[in-house]
Amino acid sequence: MLKFLRTHLALKLFLSYVVVVMVGVLVLFTATRLSGPAAFDRHLAQMSAMMSEMGMMGSSQPLEMDLFTNYTAAVSEAVSLAAIAALSAAVLASFFVSRQVVTPIQRMMKLSHRIAEGEYEERLTIPGSSHADQVDELDQLALSFNQMAEKLEKTENLRRQLIGDVTHELRTPLTAVKGYLEGLMDGVLTAEPETYQQIHTEINRLQRLVNDLQELSQVESGAFQLEFKTISPSIIMETIQKNFANQFVEKNLQLEMEIEPDLPQIMVDKDRIIQVLSNLVGNALHYTPDGGSVLIKVHRDKSNLLFSVSDTGIGISAEQLPNIFNRFYRTDKSRARASGGSGIGLTIAKALVKAHQGRIWATSDGEGKGSTFSFLIPIQE
Ligand SMILES: Nc1ncnc2c1ncn2[C@@H]1O[C@H](COP(=O)(O)OP(=O)(O)O)[C@@H](O)[C@H]1O
Ligand SMILES: [Mg+2]
C-alpha cells in the first residue's frame, strides 16, 4: 500500500487534499466547541438582562440549562451535517483536481517512452494557447517537451540522411576501383600505367571524401577550437595569392585581387579563414573554364569585413542556389563534369564562418554567367 502510494502522484495529491480538508473540518469542530458555550452565555445574559428589565422573569436557572443542552445539540447537528457535505464536496473536487494535474504528466511519460523507443513523430496536445508566456508551468513543460521531440526528430532524420549520403558517396569510387581490379584480373583491362592511374584517382577521391567527412563532423559538432588572433586582411590575401598562383597559371585563368586600403585588423583564426577562402577560390578555379577570370575582393562593409570571390565560370541556376551550402550537394552541371568534389567544401566553409559570427552566401546570374561567393566577418573594435 505504501509502495503504491509512493509511486502514484495522483493518489499522493488526492490524499494531501483530503488531509487539508480534514484539518479544516477538525479546526471547525474544535473552534465551535470551544467558543460555543462562552458565546451562548454572553448572548443569554444579554437576553435575561433585557427580560428582567421588562419584569418578565423569575428564576431562569433551569430554563438556561435546558436551553444550553438544546443549543449544543443543534449546533453539533448542524456542524456535523455541514462538515459531511463539505467533506464530500472537497473529496470529489480533490479527485478531479489531482487527476487534472496528473493526466498531462502521464501523457508526457508515455510519450517519453515512445521517444526512447525511436518513435519521434508524436507530439503532446497543449490546450489553449501555444505561446510559452500564456500558459501555466505544466503546459510550458509540455511545450518544451514538444520542442525537444522536434529537435530529436530532426537530428534523427539528419543522421539517417547522412548515413544514406555517405554510403552513396563511398559506393561510387569503390565500385569503380572494384571494376578496374576485376577488369585486370579477367584480362579485360591490360596492366597499363593509365589503368593504375585511374585506380589511383578513385582512391584519391575516397581519401579526400574520408578527410572531408572527418572535418565536417568536427566542424558540425563544434568539436574544434578556434585560435583567435588579430591579423591584417592583406596577409590572408597574400597567402591565398601564393597558394593558388601556380594553379591559375596552369589552367590559364586570370587571378585578380582587390584590397581596400587602410582596412582594420580582424580577430580571427587565420588558418580557418584561409581555409574558407581557399574553398571558395578552389571552387572558382574548378568551375571556371580555361580563359576565364577570378576576382577576389576584400573591403569594409559597415562593422564587417566583406570577402568575395567572383568568377566567370559555369554559374549556378536560381533553383540550385539555395542548396549549394547543403552537405553533399552538387549542381547537375558540376556532376556532369565529374569534378570529383564531394559537395562538402561549402558546408565546412559555412560552419567555419558561422563560428566567427559571420555570414556566407552566394549569388549568380544563372548558368554560364559566373558566380560570386561572399562572406562577412565582424570587426571587433
Ligand atoms: N564557383 C562556383 N561556380 C559554380 N558552381 C559552384 C561554384 N562553387 C560551388 N559550386 C557548386 O556548389 C557545389 C558545392 O560546392 P562544394 O561544397 O565546394 O563541393 P565540391 O566543390 O566538392 O563539389 C559544387 O558542386 C558546385 O555545383
Ligand atoms: Mg569545393
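Points worth noting:
- Per-atom-type breakdown for the chain gives carbon and sulfur 58% of the accessible area (1.4 Å probe, protein chains only).
- Tail weight of P(r) past 31 Å, computed on alpha-carbon pairs of the chain, percent: 64
- Each residue of the range 116-124 was assigned a 3J(HN,Hα) from its phi angle through the Karplus curve 6.51 cos²θ - 1.76 cosθ + 1.60 (θ = phi - 60°); the sequence is 4, 8, x, 9, 9, 6, 6, 10, 7 Hz, with glycine and proline shown as x.
- The range 202-236: GluC sites (Glu not before Pro) falling in loop per DSSP and having at most 10 other Cβ within 10 Å: Glu227
- In the range 247-381, inverting the average of 1/r over every pair of distinct C-alpha atoms gives 15.3 Å as the Kirkwood radius.
- Computed extension gain for Arg300 through Ala38, at 0.36 nm per residue and net of the alpha carbon distance, reaches 85.2 nm.
- Positive-end ranking of Ile163, Gly118, Gln207 along the dipole of the range 112-248, with charges on Cβ about the Cα centre, is headed by Gln207.
- Here's how it looks for Lys369: its modeled amide H is under 5 Å from those of Gly315, Ile316, which are all 5 or more places away or on a different chain.
- Where Lys251, Lys151 fall by accessible area, highest first, once all protein chains stay in place (1.4 Å): Lys151, Lys251
- With Cα atoms as the point set, the radius of gyration and Dmax of the range 18-155 evaluate to 29.6, 96 Å.
- The angle separating the long axis of helix 9-53 from the principal Cα axis of greatest extent in the chain is about 30 degrees.
- The residues of the chain present an accessible area of 63 Å² per residue when probed at 1.4 Å with all protein chains retained.
- Theoretical FRET efficiency, 1/(1+(r/R0)^6), r = Cβ-Cβ of Arg6 and Ile163, R0 56 Å, to 0.05: 0.80
- The range 176-239, dipole about Cα centre (Lys/Arg Cβ +1, Asp/Glu Cβ -1), debye to the nearest 20: 180
- At most 10 other Cβ within 10 Å, DSSP loop - trypsin sites (Lys or Arg not before Pro), the range 270-305: Lys302
- For Phe96, the accessible area of its heavy atoms, probed at 1.4 Å with every protein chain present, is near 110 square angstrom.
- Ranked by the mean number of other Cβ atoms within 10 Å of their residues, highest first, the peptides 350-361, 161-172 fall in the order 350-361, 161-172.
- In this structure Glu137 has an accessible area near 140 Å², from a 1.4 Å probe over the protein heavy atoms.
- Taking the charge dipole of the range 126-267 about its Cα centre, with +1 at Lys and Arg Cβ atoms and -1 at Asp and Glu Cβ atoms, the residue from Pro264, Leu226, Val135 reaching farthest to the positive side is Leu226.
- Nearest-ten-degree value, helix 193-221 long axis tilted from longest Cα axis of the chain: 30
- Residues with amide H under 5 Å from that of Met257, placed H, sequence gap 5 or more: Ile296
- Over the range 190-276, the hull volume per residue, using the convex hull of the C-alpha atoms, is 127 Å³.
- Cα coordinate range in the range 95-193, projected on the principal axes (Å, largest first): 85, 25, 13
- Across the range 66-79, coupling constants 3J(HN,Hα) worked out from phi with the 6.51/-1.76/1.60 Karplus curve, θ = phi - 60°, read 4, 4, 5, 4, 5, 4, 4, 4, 5, 4, 4, 4, 5, 5 Hz, and Gly and Pro carry x.
- Nearest 10 degrees, 0 to 90: helix 345-355 Cα axis against the chain principal axis: 50
The values are calculated or read from the model by the stated rules, or taken from the named source; none is laboratory data. What you are looking at is a predicted structure, and each value in this text was computed from that prediction instead of being measured. Heads up, the Cβs are rebuilt from the backbone with ideal geometry, glycines too, and the neighbour counts pull from every protein chain shown. Each accessible area value is taken on the protein alone, full model and side chains, heavy atoms only, with ligands, DNA and RNA left out. Shrake-Rupley method; radii C 1.70, N 1.55, O 1.52, S 1.80 Å.
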